[in-house]
Every structure is written in structure tokens, then in C-alpha cells.
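Notes for the one structure printed next.
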Amino acid sequence: MSFILKKDIDSYDHDSIIKVWDNVLPDTVASDLNKEIATSNEWSLKREHLTENDYGYLNWNNSVWGINIGGAGLPQDHPNNQLKQFRSIESNVWKKWPRIKILWNSIKKLCPQYELECSRVWALGTRTMGGSLHTDMVTKFFDEVPGITFIYYAVDEWKIEWDGATHIFNNGEILKSVLPKTNRLIAFDPRLQHKASAISRKCSTLRAVITFHARLPKEKINE
């Protein structure tokens with residue numbers, strides 16, 4: 001079953017606010033992708049987003065380890081700018097990261113009704129500290145260029161006592177939480193506030209995720 005994106009952000013309930021798929025990739029592809037991400041020499045605390053827009057060139061450093069796999073822009077950047085920028089580099093991104101291309105193609109097959117287009121993809125890694133509460137899209141842009149956020153957990157194992165759950169909020173409350181799991185993918189509305197919870201000190205591995213910002217034609221919502 002696909003994720004159903006809704007026009008009205010307040011119409012999501014506990015069952016519809018997030019979609020979870022397990023065993024998204026073949027085991028060997030998932031294992032190789034996790035290793036590629038974990039051992040990459042491109043991890044950095046400083047991420048630059050060089051999208052020219054109404055705000056100028058944007059720089060962001062929020063002390064979270066990341067790999068800018070492809071694309072640029074912050075949530076307040078217009079999605080059309082992000083799409084234009086990613087289209088110009090897309091073939092090079094998939095050539096450099098063929099396993100991430102396999103993952104993206106798998107995502108499109110899981111939501112075929114939306115004719116998804118990628119506007120940005122990156123990896124994030126956290127250890128003990130949690131993430132900050134945020135959204136992936138400014139609501140005013142959604143009617144023109146709606147989107148879906150996809151998060152893939154690039155971990156070889158995960159124990160429940162390590163925590164590190166992804167929390168999805170609406171109206172100031174946690175509506176649903178999902179724990180990391182090997183070869184697990186989640187999808188949710190990018191207008192919703194969300195964050196990663198802190199990881200237990202007992203965890204000795206990196207909580208790595210690969211995040212996609214996907215866009216779709218506005219007429220595809222609620223078909």
C-alpha cells in the first residue's frame with residue numbers, strides 16, 4: 001500500500017500520518033549501501049547549500065554530520081529552485097551513487113500514482129544527541145509544488161534500547177514514532193514537524209539515514 005498525501009495537514013490521524021515499509025531493498029544491496037554510507041569520506045559537519053534564490057546563497061551548519069549526496073536548499077527555499085538545481089546534476093548523482101539510485105527507483109515503485117521527482121537527497125548521521133524539531137517544507141509552497149519526505153534507515157542492526165526513533169508531530173503532540181530498522185523506509189508529509197530522538201549511550205554504532213525530498217504534480221493529491 002502506498003503513502004496517501006493529503007491536502008489538509010490536520011486530516012492525518014495516527015494510522016495515516018506515516019507509512020512504513022520494511023525490506024525495501026534486496027539484502028545484498030542494503031548491506032552494501034549501508035557500508036558505503038558508513039565508510040564514506042564525505043561526512044562533514046559543515047554543509048553548504050548553494051541555491052541562488054530570493055534569500056541569496058544559503059549556508060547552514062547545525063553541527064549534525066551529513067553527506068550532501070545531491071541537491072541544495074533549505075525549507076524556505078522555493079521548491080522549483082530545488083528541482084531545477086537537482087535536474088542539472090541528477091545523472092551525475094546517480095552515476096556516483098548507483099545503490100542510492102536503486103533505492104530511489106524502489107521508492108518510486110512504492111508510490112507510482114504520484115510521478116515522483118527527486119529534488120534533494122542526503123545522508124545524516126547521529127550518535128547520542130537528538131535532532132531538532134523542524135519541517136521539510138514551508139506550507140505556503142505546498143499547494144504549488146507538493147512533496148513527500150522519505151527516510152531510509154541505513155543501519156545494519158538496531159536494538160530497541162538504543163532509541164533514536166523518528167517522531168512525527170501535529171498540533172504540538174507526537175502523533176506517531178518509528179524506530180530505526182535495517183532496510184526500513186518511511187514516508188510522511190514534509191509540512192509536519194518531526195525530529196530524531198536522542199540515542200542511548202549504550203549504542204556504539206552510527207544512526208545513519210538517507211533522506212529524499214520528493215516532489216509531485218499538484219493535481220496528483222487526493223486523486
Exercise. Please work out, to two decimal places, the log10 of the ratio I(q)/I(0) at q = 0.13, 0.14, 0.18 Å⁻¹ from a Debye calculation in which every Cα of region 84-204 carries one identical scatterer.
Key: -0.61, -0.71, -1.13
Self-check item: Portion, in percent, of the accessible area of region 95-223 that falls on carbon or sulfur, probe 1.4 Å
Solution: 50
Quiz item: With point charges of +1 on the Cβ of Lys and Arg and -1 on the Cβ of Asp and Glu, referenced to the Cα centre of the chain, which listed residue (P98, N171, M1) lies farthest in the positive direction of the dipole?
Solution: P98
Quiz prompt | Solvent-accessible ranking of R207, R201, R184, R99, largest area first, probe 1.4 Å | solution = R201, R99, R184, R207
Self-check item: For region 130-199, the fraction of alpha-carbon pairs in successive 10 Å shells from zero, as %
Solution: 20, 49, 25, 6, 0
Quiz item: Of V155, V138, which has the most accessible area and how do the rest follow, probe 1.4 Å?
Solution: V138, V155
Quiz item: Taking the radius of gyration and the Kirkwood hydrodynamic radius from Cα positions alone, what is the Rg/Rh ratio for the chain, to two decimal places?
Solution: 0.93
Exercise. Work out the length of the dipole vector of region 114-223 about its Cα centre, built from +1 on the beta-carbon of each Lys and Arg and -1 on the beta-carbon of each Asp and Glu, and round it to the nearest 20 debye.
Key: 460
Quiz item: To the nearest 500 deg cm²/dmol, what mean residue ellipticity at 222 nm is calculated for the chain from DSSP H runs of n ≥ 4 alone, each contributing -39,500 (n - 2.57), summed and divided by the residues?
Solution: -6500 deg cm²/dmol
Exercise. Report the relative contact order of the chain, percent, no decimals, based on alpha-carbon pairs under 8 angstrom and at least 6 residues apart.
Key: 28
Exercise. Using the heavy atoms of the protein chains and a 1.4 angstrom probe, tell me the accessible area per residue for the chain in square angstrom.
Key: 49
Quiz item: Cα-Cα over 23 Å: which of K19/K108; K84/K108; K19/K202; K176/K218; K96/K181; K96/K218?
Solution: K19/K202; K176/K218; K96/K181; K96/K218
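The values are calculated or read from the model by the stated rules, or taken from the named source; none is laboratory data. A quick note: this is a predicted structure, and the numbers were derived from the prediction, not measured. Heads up, the Cβs are rebuilt from the backbone with ideal geometry, glycines too, and the neighbour counts pull from every protein chain shown. SASA here: full protein model, heavy atoms, side chains in, ligands and nucleic acids out. Shrake-Rupley method; radii C 1.70, N 1.55, O 1.52, S 1.80 Å.
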